[in-house]
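Just so it is clear, none of the values below were taken in a lab; they were calculated from the coordinates. None of these values were measured; they are calculated from a predicted model. Ideal geometry is used to build each Cβ from the backbone, glycine not excepted, and the neighbour counts take in all protein chains shown.
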Amino acid sequence: MITSRDTGRWVTPKGWPMADKAPHEVAAQEAFEEAGIRGKVSDKPLGNFSYLKRLDNGTSVPCIVALFPLLVRKTKTKFPEADERTRKWTTPEEAAGLVQESELKTLLIDFVDRFDR
């Protein structure tokens, strides 16, 4: 989990679409830039969740996020947003308790349920 830059709430890394990258590739790039992690990202999302993104001008826009699982292979202490965010390792259950977005909570709990069967 990482903190958002504006409100400090706990979130998952995410970013805007990029014309030259598939969505899962963007997810892997954002995971490094925002959390300093590298690994193998799935090209299949766990699911989607929505939230309101606060822009620099103070307005908010609705966003739909595809959440891609990433098997972490390396962590870095130096990464582009290291001075702007806090990184915290948690279980998916703990992460579900930290996030505000109800749809994201559900995705995190469902992620655990997939492996408990």
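What number of residues in region 45-70 are farther than 13 Å from Trp16 by Cβ, touching a Ser or Thr at 6+ places or on another chain (Cβ under 7 Å) and surrounded by 10 or more Cβ atoms within 10 Å (Cβ to Cβ)? Break it down into steps so the answer makes sense when it comes.
The initial filter retains those residues of region 45-70 that are farther than 13 Å from Trp16 by Cβ, namely 45-52, 54, 56-60, 62, 67-70.
With touching a Ser or Thr at 6+ places or on another chain (Cβ under 7 Å) added as a condition, the list becomes 52, 54, 62, 67-69.
Next cut, surrounded by 10 or more Cβ atoms within 10 Å (Cβ to Cβ) only: 52, 54, 67-69.
So the answer is 5.
Can you name every residue in region 34-44 that is outside any loop (DSSP other than H, G, I, E, B) and exposed (fewer than 14 other Cβ atoms within 10 Å of the Cβ)?
Correct list: Lys40 only.
From the list Glu30, Glu25, pick out the single residue that is part of a helix (DSSP H, G or I), over 21 Å from Thr90 (Cβ atoms) and free of Cβ contacts under 8 Å to residues at least 60 places away in the same chain. Explain how you work it out, then say what you get.
Working: Glu30 fails: over 21 Å from Thr90 (Cβ atoms).
Being part of a helix (DSSP H, G or I), over 21 Å from Thr90 (Cβ atoms) and free of Cβ contacts under 8 Å to residues at least 60 places away in the same chain holds for just one of Glu30, Glu25, which is Glu25.
Within region 57-89, work out how many residues are in a strand (DSSP E or B) and among the hydrophobic types (A, V, I, L, M, F, W, C).
First, pick out the residues of region 57-89 that are in a strand (DSSP E or B): 60-67, 70-75, 87.
Checking the rest, the ones that are also among the hydrophobic types (A, V, I, L, M, F, W, C) come to 61, 63-67, 70-72.
Counting residues in region 57-89 that are in a strand (DSSP E or B) and among the hydrophobic types (A, V, I, L, M, F, W, C) gives 9.
Those residues that are surrounded by 16 or more Cβ atoms within 10 Å (Cβ to Cβ) and under 17 Å from Leu55 (Cβ atoms), I need them from region 6-33; list them, please.
Listed by number, the residues that qualify are Val11, Lys14.
Specify the residue that is farthest from Pro13 (Cα to Cα); the eligible residues are those in region 90-117 that are outside any helix (DSSP H, G or I) and not hydrophobic (A, V, I, L, M, F, W, C). Break it down into steps so the answer makes sense when it comes.
The first filter runs over region 90-117 and keeps only residues outside any helix (DSSP H, G or I), leaving 90-91, 99-101, 116-117.
From the residues that got through so far, the ones that are not hydrophobic (A, V, I, L, M, F, W, C) too are 90-91, 100-101, 116-117.
Values: Thr90: 14, Thr91: 16, Gln100: 14, Glu101: 14, Asp116: 25, Arg117: 27 Å.
Only one residue tops the list, namely Arg117.
Quick one: in region 8-22, which of the residues that are under 11 Å from the mean Cα position of the chain (by Cα) and assigned to a loop (DSSP other than H, G, I, E, B) is nearest to Pro92 (Cα to Cα)?
To start, the set of residues in region 8-22 that are under 11 Å from the mean Cα position of the chain (by Cα) comprises 10-15.
Retained after the next criterion (residues that are assigned to a loop (DSSP other than H, G, I, E, B)): 12-15.
Details: Thr12: 11, Pro13: 14, Lys14: 17, Gly15: 21 Å.
Taking the candidates together, the pick is Thr12.
For Thr3, only one of the following conditions fails: (1) under 21 Å from Lys105 (Cβ atoms); (2) without any contact (Cβ under 8 Å) to a residue 60 or more places away in the chain. What is its number?
Of everything listed in (1) under 21 Å from Lys105 (Cβ atoms); (2) without any contact (Cβ under 8 Å) to a residue 60 or more places away in the chain, Thr3 misses just condition (2).
On the basis of being surrounded by 15 or more Cβ atoms within 10 Å (Cβ to Cβ), out of contact with any His (no Cβ under 8 Å at 6 or more places or on another chain) and touching a residue at least 24 places away in the same chain (Cβ under 8 Å), does Ala96 make the cut?
Details: surrounded by 15 or more Cβ atoms within 10 Å (Cβ to Cβ): yes; out of contact with any His (no Cβ under 8 Å at 6 or more places or on another chain): yes; touching a residue at least 24 places away in the same chain (Cβ under 8 Å): no.
No, not satisfied.
For region 45-56, which positions are touching a helix residue (DSSP H, G or I) at 6+ places or on another chain (Cβ under 7 Å) and assigned to a strand (DSSP E or B)?
Kept after step one, since they are touching a helix residue (DSSP H, G or I) at 6+ places or on another chain (Cβ under 7 Å), are these residues of region 45-56: 46-47, 49-50.
Listed by number, the residues that qualify are Gly47, Phe49, Ser50.
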